[in-house]
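A short write-up of the structure that comes next.
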Amino acid sequence: MAKQKFYVVWVGKQPGVYATWAECQQQVDQFEGAKYKSYESRAEAEAAYAAGWKKSWGQAKAAGSASSKSAKTSGGAASGDKIDYNSISVDVGTAGNPGPVEYKGVDTQTGDILFSVGPISKGTNNLGEFLAIVHGLAYLQKLGSDKTVYSDSVNAINWVKKKEVASTLVRDASTAEIWRLVDRAVHWLKTTPYKNKVAKWQTKEWGEIKADYGRK
């Protein structure tokens, strides 16, 4: 069972501390400039709420020297970075791993859904995240947009950068659909130049990614 998190909404429809992502999402969806973040305990969340968003939201946990502020995380984003709202955010929803997979991309600023795919009969969380990122890149290319694509999956981001996947999911009749899509996505990456930045969403600093399915 996933450990319960608590969600602080400093700026939203109704600021406060919430015990579920669904409640938090109701307060921040479609709210321009919403500021919210998840915490491991209610006490920590309430303390952060009382301290105000300037001390917690969009900041790294440790402010340090200039070198620490520019240090890179495993996903390639600088710790302490602020959210680039000129972006789209993608996420995957699964029912079992492996299991049915769906994914979507949303406008990071507004939360508006830009595309949604699935459920795909059988796949993994990482493969779904990979497909979501590539779909986002192709979507933005058609628009001639240089927006950033955010994902909270380090593995999927690395696969996109390497233009190959390293999944142990077997190829059989039950997984044929997702592997067809993955193979097509890999081919797109290898044959199509793109100018968009693919960045790691910093969940600990920024809260759940805007495209989150709320299935924690």
Checklist entry - For region 139-166, what are the residues that are within 17 Å of the chain's Cα centre (by Cα), of a type in the set (A, V, I, L, M, F, W, C) and open to solvent by 10 Å² or more (accessible area, probe 1.4 Å)? => result V154, W159
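Quick one: would you say L114 is within 28 Å of V28 (Cβ to Cβ), touching a strand residue (DSSP E or B) at 6+ places or on another chain (Cβ under 7 Å) and in a helix (DSSP H, G or I)? Full working, then the answer.
Working: within 28 Å of V28 (Cβ to Cβ): yes; touching a strand residue (DSSP E or B) at 6+ places or on another chain (Cβ under 7 Å): yes; in a helix (DSSP H, G or I): no.
When the stated conditions are applied, L114 does not pass them.
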Next on the checklist: Looking only at region 1-17, how many residues end up being part of a strand (DSSP E or B) and open to solvent by less than 30 Å² (accessible area, probe 1.4 Å)?
Outcome noted: 6
Checklist entry - Looking at T192, is it within 29 Å of A19 (Cα to Cα) and polar (S, T, N, Q)? => result no
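Considering each residue of region 114-169, count those that are β-branched (V, I, T) and touching a residue at least 60 places away in the same chain (Cβ under 8 Å), and give that number. Lay out the reasoning, then the answer.
Taking region 114-169 first, the residues β-branched (V, I, T) are 117, 120, 124, 133-134, 148-149, 154, 157, 160, 165, 168.
Narrowing further to those that are touching a residue at least 60 places away in the same chain (Cβ under 8 Å): 120, 133, 148-149, 154, 157.
So the count comes out to 6.
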Next on the checklist: W21 - would you say it is closer than 18 Å to Y85 by Cβ and hydrophobic (A, V, I, L, M, F, W, C)?
Outcome noted: no
Next on the checklist: Residues that are within 24 Å of S38 (Cβ to Cβ) and at pLDDT below 90, at least 3 per element: which helices (runs of 4 or more DSSP H) completely within region 151-213 meet that?
Outcome noted: 203-206
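Do we find that S67 is over 16 Å from the mean Cα position of the chain (by Cα), on the phi < 0 side of the Ramachandran plot and either part of a strand (DSSP E or B) or at pLDDT below 85 (or both) in this structure? Steps first, please.
Numbers: over 16 Å from the mean Cα position of the chain (by Cα): yes; on the phi < 0 side of the Ramachandran plot: yes; either part of a strand (DSSP E or B) or at pLDDT below 85 (or both): yes.
Considered against the rule, which asks whether it is over 16 Å from the mean Cα position of the chain (by Cα), on the phi < 0 side of the Ramachandran plot and either part of a strand (DSSP E or B) or at pLDDT below 85 (or both), S67 comes out as yes.
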Checklist entry - For region 29-56, how many residues are open to solvent by 90 Å² or more (accessible area, probe 1.4 Å), at pLDDT 75 or above and part of a loop (DSSP other than H, G, I, E, B)? => result 1
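The values are calculated or read from the model by the stated rules, or taken from the named source; none is laboratory data. Fair warning: this is a prediction, and the values are worked out from it, not measured in the lab. Note: ideal-geometry Cβ built from the backbone for every residue, glycine included; neighbour counts use all protein chains shown. We work out accessible area using only protein heavy atoms, side chains counted, and drop any ligands, DNA or RNA first. Shrake-Rupley method; radii C 1.70, N 1.55, O 1.52, S 1.80 Å.
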